[in-house]
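> Below is a structure I'd like to ask you about.
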Amino acid sequence: MSLRSLDPRAPWVISTHDLGRRPGSMRTLAPTLPAPVDLAVGMIGVPKDADVELDIRLEAVMEGVLVTGTAQAPLTGECSRCLAPLTSEIEVDFQELYFYSAEDAGEDDLLLDGELLDLEPVFRDAVVLALPLSPVCGEDCPGLCAECGVRLAEAGPDHRHETADPRWAALQGLVVEQEDDQEG
Ligand SMILES: [Zn+2]
Ligand SMILES: [Zn+2]
């Protein structure tokens, strides 16, 4: 439960002035807002100030304002297998009831500050839950060579290291023979 007063000029602070308090009244918004800072988990996140496209429905209910929405945001990060930079995007859904009065609200509930509500914590929670823990540049990313650390996708399928192990040498000989058979 948050009792801090909101800055009406902050981008993620939404005014419910036009909505009024009569239960059942509704209003939709489709703002594009700058992504807040530090919105990342591990190797991927939404870059600060990137455009977040929102579709929001505000609905007055008895206890407060119910906010339902979706948000689309770009992602930047690193592939967890090959460490290459990657870009992607994320779409999240959220729903939150902002209470008029602290008396009705529980510990973790959000409150309206007069006619204002802060959408940022709701968006932030939705994104953090939806971010992939192990982002990949592609589902079939082969990762890095365990021997030399080169990106296998760039090095190509023939990338291998000379090995002194005679069992490997024998196996390689076997493969070559099979290919010869197919050609002949
Ligand atoms: Zn990769
Ligand atoms: Zn290698």
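Computed from the coordinates by the stated procedures, all read-outs in this text should not be read as laboratory data. Because the structure is predicted, anything quoted here is derived from the model rather than measured. Virtual Cβ from ideal backbone geometry, glycine too; neighbours counted across all protein chains shown.
> Using the alpha-carbon atoms, what tilt in degrees (0 to 90, nearest 10) does helix 166-183 show relative to the longest principal axis of the chain?
Approximately 90 degrees, to the nearest ten.
> Would you mind telling me which residue in Ala60, Ala30, Ala155 has the biggest mean-square fluctuation in a Gaussian network model of the chain, where springs connect alpha carbons within a distance under 10 angstrom?
Per the Cα network of the chain with a 10 Å cutoff, Ala155 tops the list.
> Taking the convex hull of the alpha carbon atoms in segment 58-105, what volume per residue do you get, in Å³?
95 Å³
> With no solvent and one point on each alpha carbon, what is the Debye value of log10 I(q)/I(0) for segment 49-153 at q = 0.14, 0.15 Å⁻¹?
-0.67, -0.72
> Now, a different point. Using alpha carbon centroids, what distance separates segment 50-72 and segment 81-105, in Å?
Result: 11 Å between the Cα centres.
> When the chain is modelled as a GNM with alpha-carbon springs shorter than 10 Å, which of Asp109, Asp125, Asp140 fluctuates the most?
Asp140
> Something else now. Please give the charge dipole size of segment 1-89, origin at the Cα centre, charges +1 on K and R Cβ atoms and -1 on D and E Cβ atoms. Round to the nearest 20 debye.
For segment 1-89, the charge dipole is close to 280 debye.
> Starting from the Cα gyration tensor of the chain, multiply each eigenvalue by 5, take the square root, and state the resulting semi-axes largest first in whole Å.
Equivalent ellipsoid semi-axes, largest first: 55, 15, 14 Å.
> Just check segment 1-100 against the gyration tensor rule for me: Cα atoms, a ≥ b ≥ c as the square roots of the eigenvalues, rounded for a/c under 1.5, and otherwise prolate or oblate depending on whether a/b exceeds b/c.
Prolate shape, in that a/c is at least 1.5 and a/b is the bigger ratio.
> Let me ask you something else. Mind checking the full-extension length gain between Glu89 and Gln72? Use 0.36 nm per residue of separation minus the Cα-Cα distance, one decimal, nm.
Here the answer is 5.4 nm.
> Which whole-Hz couplings ³J(HN,Hα) result when phi for each residue of segment 119-131 is put into the Karplus expression 6.51 cos²θ - 1.76 cosθ + 1.60, θ = phi - 60°, listed in order with x for Gly and Pro?
7, 4, x, 6, 4, 4, 4, 5, 5, 4, 5, 8, 5
> ³J(HN,Hα) across segment 9-14 via Karplus (A = 6.51, B = -1.76, C = 1.60, θ = phi - 60°), whole Hz, x for Gly/Pro?
My calculation for segment 9-14 gives 8, 5, x, 8, 8, 10 Hz in order.
> Can I ask one more? What distance in nm separates the two pseudo spin-label positions at Leu97 and Leu29, each 7 Å out from Cα along the beta-carbon direction?
Label at Leu97, label at Leu29, 2.1 nm between them.
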